[in-house]
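Throughout, read-outs are computed from the coordinates displayed, never taken from laboratory work. What you see is a predicted model, and the numbers here were worked out from it, not measured in a lab. Here the Cβ is made from the backbone with ideal geometry for all residues, glycine too, and neighbour counts use every protein chain on show.
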Amino acid sequence: MTNDFQQAALNEFQKSASQLAKGKDANAALTKSYERYDNLIAKTIEASSIKPACKAGCAFCCHYKVEVRAHEMLLIKDYLSKTFSAEKIAAVLAEAETNAAIIRTLTPEQHLTTNIKCPMLQDNQCSIYPVRPFRCRNFHSTDANACEQSHGDPSNMEIATGMIEDVAMFADAHTQGFEAAAEQTGKDARVYDFTTALLEVFADANVLKRYQRGKKTLQQAIEIST
Ligand code: SF4
């Protein structure tokens, strides 16, 4: 582990821990953490001689398995409730239901190698971009052709889409800093499958209460073992 990694993780841990201590849920602290993350990654990309190939409208990676923490899914629910119409939410949930029926038949390994369009992907763009989870933020590629090739051959794990070393390092450090601070609060730190978690946060009125009480927030969503 490099000094840069440790310093970035520690900085984020200290800032997030102090913000998380002020709220009953993580929404405000997570929003601030995402802002710091975006600034850190933008600066790192600016300083790098290699640039990501990612651009709006390119969304091969939004067909991969997505993992999420309870606090991330609660922020997404809040965002959807404030910015989407009831009809639009119903359409997203209907697509998520279709996806969940497939996902529940797959082993974790099969899920990793199966293309399933994320229900939040609309017109080839992320419809929850400001609150997309860390796992989505952290993904980047230096080779769009390799992304297309991987999308066409999802079980081929040999295809390397390329990463910028410093971007991957700071992304990981920042994420770990926030997650360590969230874990310190004693609230749910489990990792869940995105689609089944999305369905549960809208289906069960008690998810926020369970999160605030430090209980297992999601009881029907698929839990990912880490
Ligand atoms: S949440 Fe957004 S960025 Fe993540 S997979 Fe879905 S559409 Fe893509």
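Looking at residue 67 and the list (1) surrounded by fewer than 20 Cβ atoms within 10 Å (Cβ to Cβ); (2) closer than 15 Å to residue 193 by Cβ; (3) away from the ligand (no atom under 14 Å from the Cβ), which single condition is not satisfied?
That leaves (3) as the condition not met.
Report yes if residue 68 is in contact (Cβ under 8 Å) with a residue 40 or more places away in the chain and farther than 27 Å from residue 146 by Cβ, otherwise no.
Judged against the criteria, residue 68 is not a match.
Tell me yes or no: at least one residue of the stretch 32-39 is within 22 Å of residue 144 (Cα to Cα) and part of a helix (DSSP H, G or I).
Among the residues of the stretch 32-39, at least one is within 22 Å of residue 144 (Cα to Cα) and part of a helix (DSSP H, G or I), which makes the answer yes.
Restricting to the stretch 200-219, name every residue that is farther than 14 Å from residue 69 by Cα and either in a loop (DSSP other than H, G, I, E, B) or touching a helix residue (DSSP H, G or I) at 6+ places or on another chain (Cβ under 7 Å) (or both).
202, 204, 205, 206, 213
Output the qualifying pairs, or none if there are none: Cβ atoms under 7 angstrom, residues six or more apart or on different chains, first residue in the stretch 108-121 and touching a residue at least 24 places away in the same chain (Cβ under 8 Å), second residue small (Gly, Ala, Ser).
113/155; 119/96; 120/127; 121/59
Which members of the stretch 103-130 meet the condition of being assigned to a loop (DSSP other than H, G, I, E, B), of a type in the set (A, V, I, L, M) and away from the ligand (no atom under 11 Å from the Cβ)?
Passing the criteria: only 106.
Go through 48, 85, 33 for me and flag whichever is surrounded by 19 or more Cβ atoms within 10 Å (Cβ to Cβ) and away from the ligand (no atom under 13 Å from the Cβ).
Sole residue among the options that is surrounded by 19 or more Cβ atoms within 10 Å (Cβ to Cβ) and away from the ligand (no atom under 13 Å from the Cβ): 33.
Within the stretch 133-151, how many residues turn out to be closer than 12 Å to residue 37 by Cα and outside any helix (DSSP H, G or I)?
Within the stretch 133-151, residues that are closer than 12 Å to residue 37 by Cα and outside any helix (DSSP H, G or I) number 1.
Taking the stretch 186-213 as the search range and keeping residues that are closer than 25 Å to residue 176 by Cα and among the small types (Gly, Ala, Ser), which one is surrounded by the most Cβ atoms within 10 Å (Cβ to Cβ)?
197
Kindly evaluate residue 148 against the criterion of being more than 14 Å from the ligand (Cβ to nearest atom) and over 23 Å from residue 40 (Cβ atoms).
yes
When you scan the stretch 39-62, do you find a residue that is closer than 30 Å to residue 212 by Cα and among the aromatic types (Phe, Trp, Tyr), even just one?
No: zero hits.
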